[in-house]
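Since the structure comes first, as structure tokens, the remarks are kept for the end.
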Amino acid sequence: MRKLRAHLTRMAAPAVRRLMSAALRQPRVKRAARIVLSRIPGLQSRLRSLLYSNAWAMQSGATPPEPMIGGEAPARTARIFRELKQAQQARKDRCE
């Protein structure tokens, strides 16, 4: 039974995440959802952790876009992107 529940949760998570992010863009829906979820704190906590977790982005293989090549990218953009890549590499090296 636990395996079935875990499988269903994994299957539903992307759809729930899309629905939540769409609801957060609509002020009235967002307000209504907050009112309903304020009465169910456990569900509110689970949904918040699902929405803000970074694990789904890592599983999907999402990578940051590469800067424009051939001098199309402004110098400031290239510098910021380079610094970002260095910070990501440093963080990755610390974690390993």
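The values are calculated or read from the model by the stated rules, or taken from the named source; none is laboratory data. Being a predicted model, the structure only gives us computed values, none of them experimental. Cβ placement follows ideal geometry from the backbone for every residue including glycine, while neighbour counts extend to all protein chains displayed.
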(Q) Among the residues that make up region 57-80, is at least one of them out of contact with any Pro (no Cβ under 7 Å at 6 or more places or on another chain), at pLDDT 80 or above and surrounded by 12 or more Cβ atoms within 10 Å (Cβ to Cβ)? (A) yes
**Q.** Among (1) farther than 29 Å from residue 11 by Cβ; (2) at pLDDT below 70 - the single one residue 84 does not satisfy
**A.** (2)
Q: Find all pairs meeting these conditions: Cβ atoms under 7 angstrom apart; at least six residues apart or on different chains; first residue within region 39-59 and under 15 Å from residue 16 (Cβ atoms); second residue at pLDDT 60 or above and among the basic types (Lys, Arg).
A: 50/17; 51/17; 56/17
